[in-house]
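**Student:** Mind having a look at this structure? Questions to follow.
The values are calculated or read from the model by the stated rules, or taken from the named source; none is laboratory data. What you see is a predicted model; the values in this text were computed from it and never measured. Neighbour counts are summed over all protein chains in view; Cβ atoms, including those assigned to glycine, are modelled from backbone coordinates with ideal geometry. Calculation scope for accessible area: heavy atoms of the full protein, side chains included, ligands and nucleic acids excluded. Shrake-Rupley method; radii C 1.70, N 1.55, O 1.52, S 1.80 Å.
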Amino acid sequence: MIKCDVRIARSFISDEEYISAHGKVSQGYKQLSEKSGPGSEWLGWRDILANPNDAILEEIESLATSIRSDADIFIVCGIGGSYLGAKAIIDALKPHFSSKGPEILYAGHHMGGKYLEELLQHIKAPKADGGQKKVYVNVISKSGSTLETALSFRAIRSTLESMYGDEAANHIICTTSDEGGILNQLIDAKGYKKFVIPNDIGGRFSVLTPVGLIPIAVAGIDIKALYYGAVSAYNRYEEDIEDIIEYTSLRNALHKAGKTIDVISCFEPELASFGGWIQQLMGESEGKEGKGIFPTVASFSTDLHSLGQFIQQGKRSLMETFLIVENSFSSIEVETLEGDDDKLNYLAGKTFHDINTKARLGTTEAHQDGNVPIINLTIEALNEENLGALIYFFELATGVFVYSLGVNPFNQPGVEDYKKAMYRLLGKD
Ligand code: PA5
């Protein structure tokens with residue numbers, strides 16, 4: 001269950017401004033729920049929660065169990081919506097220093113040659129006992145032709161072929177659209193295992209399809225709990241949409257009032273990649289026709305020592321969205337030190353979570369004084385159910401917000417421009 005507290009942000013907006021935004025947002029929600037807005041053919045991310053498909057979850061769980069029992073390394077090869085959701089959940093829930101399960105690596109999300117070269121060397125290098133590493137790759141591309149992903153996949157599959165010969169195909173899992181694209185041609189020619197991305201779900205809305213669920217399950221995370229957390233949120237907001245309308249109305253009113261940047265801030269480092277997923281979801285959905293709020297991510301208190309200065313006193317074009325985790329799983333506390341030579345005994349007996357909470361409350365006070373509208377989104381604990389709910393919260397809120405601006409949330413025409421220029425420079429037909 002997500003608690004949405006807009007009180008601070010609301011104090012920056014007049015009643016008239018709020019009422020006007022509320023009207024636009026209610027209209028946006030109507031368009032989304034009635035499938036009457038532009039891009040309505042891309043609303044499948046709601047349908048998969050209205051009608052959950054346990055068979056696909058079980059198929060993914062069984063694949064993940066067999067990979068986890070065999071693999072030393074699992075590579076997630078994709079870019080944008082094809083990897084950010086998986087990374088968000090894995091970074092949020094996988095223990096930091098556990099050696100249980102395969103090492104999860106990412107590829108295909110940029111074209112840095114040094115990274116790819118070192119990744120290939122790493123997978124080829126023998127294990128400490130001299131044995132060969134067992135490496136699997138999940139290539140994820142809805143179009144099946146994205147250059148960043150395709151280039152890395154070419155290098156990785158040729159390395160796997162050099163390591164395993166004819167067996168290499170058993171180490172390759174492909175997630176793509178049901179037909180079309182070069183990746184589908186390769187799948188047919190080589191017999192790779194394939195999972196399908198539904199046609200009516202775009203990349204950045206696809207984390208709860210095989211796109212995100214396969215890597216998340218291989219990382220040892222309970223995908224049923226994640227999925228059903230989103231299903232619960234879906235059911236909750238079908239019954240009562242007011243939280244989404246209120247949150248979105250505030251963003252709409254702040255956008256109109258000239259706020260051009262939304263700093264998605266978290267106080268748990270585990271949530272920083274989740275912020276990255278939100279950033280893509282909002283950025284690619286909103287930023288069109290000269291409209292939208294530029295989403296950026298801050299991981300506090302780390303970034304209080306970098307972005308904090310700007311947020312406090314720089315150009316007043318910011319709003320903030322705090323992602324708050326109420327309870328901590330960790331009970332580590334400050335110990336009492338005899339002699340108190342570092343003068344920290346005043347904190348002795350307090351948990352790190354208590355201290356972190358005070359840092360958050362202090363930051364809220366300071367940023368509010370610095371005229372930054374803040375929206376607080378709180379989950380009780382960092383777990384699969386709550387992250388599933390947050391995924392749906394942000395997907396729904398983004399769709400509604402973008403419709404309230406009069407824009408299609410589900411396309412990304414601007415992304416094509418860099419591709420066209422790049423392909424021309426690369427001499428592609
Ligand atoms: O949200 C989107 O649609 C994009 O970010 C895509 O996910 C990204 O461009 C990758 O595309 P593809 O999966 O076709 O390789």
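**Student:** When only DSSP loop residues count, what chymotrypsin sites (Phe, Trp or Tyr not before Pro) in segment 288-396 have their Cβ near at most 11 other Cβ atoms within 10 Å?
**Tutor:** 329
**Student:** Given +1 on the Cβ of Lys and Arg, -1 on the Cβ of Asp and Glu, and no further charges, what dipole in debye does the chain carry about its Cα centre, rounded to the nearest 20?
**Tutor:** My answer is approximately 1360 debye.
**Student:** Could you list the chymotrypsin sites (Phe, Trp or Tyr not before Pro) in segment 85-169 that lie in coil according to DSSP, counting only those with at most 11 other Cβ atoms within 10 Å of their Cβ?
**Tutor:** Those that pass, being in a loop and sparsely packed, are 97.
**Student:** Using a Gaussian network for the chain with springs between C-alpha atoms less than 10 Å apart, which of these wobbles most: 366, 71, 253?
**Tutor:** Of 366, 71, 253, the Gaussian network model singles out 366 as fluctuating most.
**Student:** Note down the magnitude of the dipole of segment 92-192 about its Cα centre, charges +1 on Lys and Arg C-beta and -1 on Asp and Glu C-beta and zero elsewhere, to the nearest 20 debye.
**Tutor:** 340
**Student:** How much space per residue, in cubic angstrom, does the convex hull of the C-alpha atoms of the chain take up? Spell out each step's value before the answer.
**Tutor:** Working: hull volume 73.7 nm³, N = 429.
Normalising the Cα hull of the chain by residue number yields 172 Å³.
**Student:** A follow-up question, please. Report the net charge of residues surrounding residue 137, where surrounding means a beta-carbon distance below 14 angstrom and charges are Lys +1, Arg +1, Asp -1, Glu -1.
**Tutor:** On the way: positive: 124, 133, 134, 154, 157, 190, 193, 194; negative: 70, 72, 103, 161, 167.
Once positives and negatives cancel, what remains is +3.
**Student:** Would you mind getting me the FRET efficiency between residue 94 and residue 235? Use the beta-carbon distance for r and R0 = 25 Å, nearest 0.05.
**Tutor:** 0.35
**Student:** A follow-up question, please. Using +1 at the Cβ of each Lys and Arg and -1 at the Cβ of each Asp and Glu in the chain, identify which of 36, 2, 18 lies farthest towards the dipole's positive end.
**Tutor:** Result: 36, furthest along the dipole toward the positive end.
**Student:** Right, something else. List the residues whose amide H sits under 5 Å from the amide H of residue 195, counting only those 5 or more places along or on another chain, with H placed 1.01 Å from N in the peptide plane.
**Tutor:** Long-range HN contacts for residue 195: 174, 175, 176.
**Student:** Considering only DSSP beta bridges where both residues belong to the chain, give the percentage that are antiparallel (nearest 5).
**Tutor:** That works out to approximately 10 percent antiparallel.
**Student:** Under 10 Å, Cα contacts only: if you run a Gaussian network model on the chain, which one of 222, 341, 178 comes out with the highest mean-square fluctuation?
**Tutor:** 341
**Student:** Can you send over the carbon and sulfur percentage of the accessible area for segment 279-429, probe radius 1.4 Å, protein chains only? Could the numbers behind the result be given before it?
**Tutor:** Numbers: 4020 of 7690 Å².
Of the solvent-accessible surface of segment 279-429, carbon and sulfur hold 52 percent.
**Student:** Applying the Karplus parametrisation 6.51 cos²θ - 1.76 cosθ + 1.60 with θ = phi - 60° to the phi angles of segment 167-174, what ³J(HN,Hα) value in whole Hz is obtained for each residue in order, glycine and proline being reported as x?
**Tutor:** Calculated HN-Hα couplings, in order: 6, 4, 4, 6, 9, 10, 10, 10 Hz.
**Student:** Tally up the carbon and sulfur contribution to the accessible surface of segment 48-221 as a whole percent, 1.4 Å probe, everything protein left in place.
**Tutor:** Roughly 51 percent, rounded to a whole number.
**Student:** Shifting gears a bit: Can you tell me how much longer the chain between residue 355 and residue 50 gets when fully stretched, taken as 0.36 nm per residue apart minus their C-alpha distance, in nm with one decimal? Before the final figure, lay out the partial values.
**Tutor:** Values: separation 305, 0.36 × 305 = 109.80 nm, distance 4.05 nm.
Value of the extension gain: 105.8 nm.
**Student:** If every alpha-carbon in segment 48-221 counts as one equal scatterer, what log10 I(q)/I(0) does Debye give at q = 0.13 1/Å?
**Tutor:** With one equal scatterer per Cα and no solvent, log10 I(q)/I(0) is -0.60.
**Student:** I've got another one for you. Hey, what did segment 48-221 get for relative contact order, percent, Cα under 8 Å, at least 6 apart?
**Tutor:** Relative contact order, segment 48-221: 31 percent.
**Student:** Follow-up question, since we're still on this one. R0 = 51 Å: FRET efficiency of residue 419 with residue 335, Cβ-based, nearest 0.05?
**Tutor:** 0.40
**Student:** To the nearest 10 square angstrom, how much accessible area does residue 14 have with a 1.4 angstrom probe?
**Tutor:** 40
**Student:** Mind checking the full-extension length gain between residue 36 and residue 316? Use 0.36 nm per residue of separation minus the Cα-Cα distance, one decimal, nm.
**Tutor:** Working: separation 280, 0.36 × 280 = 100.80 nm, distance 3.62 nm.
Going from the current span to full extension adds 97.2 nm.
**Student:** With each pseudo-label sitting 7 Å past Cα toward Cβ, what's the residue 133-residue 242 distance in nm, one decimal?
**Tutor:** 5.3
**Student:** Tally Lys and Arg at +1 and Asp and Glu at -1 over the other residues with C-beta under 14 Å from the C-beta of residue 274: what net charge comes out?
**Tutor:** Net local charge, residue 274 excluded: -2.
**Student:** Hey, can you rank 36-42, 423-429 by average C-beta count inside 10 Å, highest first?
**Tutor:** 36-42, 423-429
**Student:** When the Kirkwood radius is taken over all Cα pairs of segment 279-349, what Stokes-Einstein diffusion coefficient follows at 37 °C and 0.692 mPa s, in µm²/s?
**Tutor:** 203
**Student:** Also, I was wondering about something else. Could you please put 240, 91 in sequence from largest to smallest accessible area, using a 1.4 Å probe? Write down the numbers at each step before the final one.
**Tutor:** Details: 240 90, 91 50 Å².
Descending accessible area places them as 240, 91.
**Student:** Now a separate question. Any chance you could run the full-extension gain for residue 26 through residue 378? It's 0.36 nm times the residue separation minus the Cα-Cα distance, nm to one decimal.
**Tutor:** 124.4 nm
**Student:** Would you tally the net charge around residue 351, using a Cβ to Cβ cut-off of less than 12 Å, leaving residue 351 out, and scoring K and R as +1, D and E as -1? Could the numbers behind the result be given before it?
**Tutor:** Numbers: positive: 350, 358; negative: 333, 335, 354.
Spelling it out: positives minus negatives among the neighbours equals -1.
**Student:** Placing unit charges on C-beta atoms (Lys and Arg positive, Asp and Glu negative, everything else neutral), compute the dipole magnitude of segment 261-315 about its Cα centre in debye, rounded to 20.
**Tutor:** Charge dipole of segment 261-315: 220 debye, to the nearest 20.
**Student:** State, as an integer percentage, the relative contact order of the chain based on alpha-carbon contacts under 8 Å between residues 6 or more apart.
**Tutor:** It rounds to 25 percent for the chain.
**Student:** Right, next: Can you pull the one-decimal nm distance between simple spin-label points at residue 348 and residue 182, each 7 Å off the Cα toward Cβ?
**Tutor:** 6.5
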